[in-house]
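Accompanying notes for the structure given below.
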């Protein structure tokens, strides 16, 4: 129930629409309740007076009541759907905005298909509740209360006799809901798992085809789909058993009315019109009870869907901005690590007691094997994660004391795994600087050796890039990402092996451009390319999260330590490659 209450809170911006829908519903119910009375009185008038006048008048009154009921029913449906659409719109946007705020640590663990399921299937279930369930519950209460009062006022003994079945129906409905809740939760989980398989298969379809794994992927999808099918059949089986049982219970009161009411008519204690009213009202009371099973089903599904949505909304970002965080403005670019340690999880430290100082405008090369901590350092500078201990400062300010927006305006990462949006080349370059004009876009494209390629395309900078940049080569995507980063004009530039996917000629052009563009900004480069390493002001050689050597090229070569041997090995490998080719 707490989950449903929390979901209802989202209506606060549309509460007046809900009030109008409720008033329309009340009027609809009122006119519905008037029809049996008009019909019963008309029948009694005809039987007592022997003329059709009363029946004609009753028929006219019934038509008028039905017309008014239809008008108010239209208002009820219209306004309830407005509430439903507005509320689901609010929840959907809130969920998406919250996902954008969650830290890297959350997205490291979350599955895309699972999140998409919560943002689509689960919100659709909640939307149905706001459109039909919320007012449906009140309608059941109003209708049942109104009919019960009318029945008791007509013949309290017969009414109480018919109502003996109501507690049994209520118990069965509660029992039914408890049976359905875990089943619906499992269905939601299976739908999310199926969505994950679908998303991964479609995203990696080229890998699937390259390794001829179509059969295995089909089997994986079929297995998930079969699990979902079996679970849904299980729910259908429970519902199939419950529906006939409830229908049987609901026929008992009708039989009692025919038996007891018929005897009352014979004795003259009730009229035929009253019995007719009683049967019609009884059916009206049974209608909401019949809907009770559907409402229980909807509530169960909404409960599960709401729980999954609220789990996301209740998740707090691991990286939080202080209430009194300061705006950094334009940084000079000094970066200092002071005894920094960091761990992604409890398995072990990714960085341990890291200390170094970088002056504005310096070029820093980060070297080390896989898992040594190179990329972790760049992620900590951008504050995608918070340090476990120690601190990181930029221009003397602890990055935890700065606003995230001002920090990330100054610190830009050109990542190894490049993501491009389904948009034009121009808009992809200007993604972080939407106010940039065409001339500025072309300047950075030239700096990244991309301009000549772009203008050779039929539509130039207006060429549409396919999903994830699939229409571009690896080198072209890399150069576009470099141009996008340069357009932001950061004070601190982080290049994660940014030239790894380009050929030697293109790399030379990019290196020349970068040589001019990094003069006034601090630059960290994760690379194994020898020319870049030799020109670095500071080289950090890492191993298992520790700095094992630090200095410039000449200093480290003079030590003849790990860096010296690594450098000599790279030269030897490069010479062997040249000889072989």
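The values are calculated or read from the model by the stated rules, or taken from the named source; none is laboratory data. On a predicted model such as this, the values are computed, not experimentally measured, just so you know. Here Cβ is always computed from backbone atoms with ideal geometry, including for glycine, and neighbour counts include all displayed protein chains.
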field: Verdict on residue 63 being assigned to a helix (DSSP H, G or I), surrounded by fewer than 16 Cβ atoms within 10 Å (Cβ to Cβ) and out of contact with any strand residue (DSSP E or B) (no Cβ under 7 Å at 6 or more places or on another chain)
entry: yes
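Let's see how each residue does on (1) surrounded by fewer than 20 Cβ atoms within 10 Å (Cβ to Cβ); (2) in contact (Cβ under 8 Å) with a residue 12 or more places away in the chain; (3) out of contact with any helix residue (DSSP H, G or I) (no Cβ under 7 Å at 6 or more places or on another chain):
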residue	(1), (2), (3)
236	yes, no, yes
260	yes, yes, no
263	yes, no, yes
280	yes, yes, no
300	no, yes, no
query: What are the residue pairs meeting all of these: first residue in segment 26-54, first residue within 23 Å of residue 147 (Cα to Cα) and in the same structural domain as residue 265 (by TED's automatic domain parsing), second residue surrounded by fewer than 17 Cβ atoms within 10 Å (Cβ to Cβ) and at pLDDT 85 or above, Cβ atoms under 6 Å, and 6 or more apart or on different chains?
result: 31/68
field: Matching entry among 53, 28, 112 (being under 30 Å from residue 193 (Cβ atoms) and touching a helix residue (DSSP H, G or I) at 6+ places or on another chain (Cβ under 9 Å))
entry: 112
- request: Would you point out which residue out of 550, 557 is in contact with a strand residue (DSSP E or B) (Cβ under 6 Å, 6 or more places away or on another chain) and either in a loop (DSSP other than H, G, I, E, B) or at pLDDT 80 or above (or both)?
  value: 550
message: Between 288, 349, 323, which is part of a loop (DSSP other than H, G, I, E, B) and either assigned by TED's automatic domain parsing to the domain that holds residue 239 or in contact with a strand residue (DSSP E or B) (Cβ under 9 Å, 6 or more places away or on another chain) (or both)?
response: 349
Filter result for residue 537 (surrounded by fewer than 20 Cβ atoms within 10 Å (Cβ to Cβ), under 26 Å from residue 340 (Cβ atoms), in contact with a strand residue (DSSP E or B) (Cβ under 6 Å, 6 or more places away or on another chain) and modelled with pLDDT under 80): no
- line: Of the candidates 306, 368, the one satisfying the condition of being under 30 Å from residue 144 (Cβ atoms) and crowded, with 20+ Cβ neighbours inside 10 Å is 306
message: When the residues of segment 387-418 are narrowed to those that are out of contact with any strand residue (DSSP E or B) (no Cβ under 6 Å at 6 or more places or on another chain) and part of a loop (DSSP other than H, G, I, E, B), which ends up farthest from residue 444 (Cα to Cα)?
response: 396
message: Cβ contacts < 6 Å: first residue outside the structural domain of residue 348 (by TED's automatic domain parsing), restricted to segment 363-378; second residue crowded, with 22+ Cβ neighbours inside 10 Å, any location; separation 6+ or different chain. Result?
response: none
message: Which condition from (1) exposed (fewer than 14 other Cβ atoms within 10 Å of the Cβ); (2) over 19 Å from residue 298 (Cα atoms); (3) more than 24 Å from the chain's Cα centre (by Cα) is the one that residue 141 breaks?
response: (2)
task: Inspect segment 419-433 for any residue being surrounded by fewer than 15 Cβ atoms within 10 Å (Cβ to Cβ) and without any contact (Cβ under 8 Å) to a residue 40 or more places away in the chain and give the result as yes or no.
output: no
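A quick yes/no check of all residues on (1) in contact with a helix residue (DSSP H, G or I) (Cβ under 7 Å, 6 or more places away or on another chain); (2) within 27 Å of residue 27 (Cβ to Cβ); (3) in a helix (DSSP H, G or I); (4) not assigned by TED's automatic domain parsing to the domain that holds residue 72:
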| position | (1), (2), (3), (4) |
| --- | --- |
| 129 | yes, yes, yes, no |
| 133 | yes, yes, yes, no |
| 141 | no, yes, yes, no |
| 145 | no, yes, yes, no |
| 152 | yes, yes, yes, no |
| 159 | yes, yes, yes, no |
| 176 | yes, no, yes, no |
| 185 | yes, no, yes, no |
| 188 | yes, no, yes, no |
query: Can we say residue 96 is part of a helix (DSSP H, G or I), within 28 Å of residue 3 (Cα to Cα), free of Cβ contacts under 8 Å to residues at least 40 places away in the same chain and under 33 Å from the mean Cα position of the chain (by Cα)?
result: yes
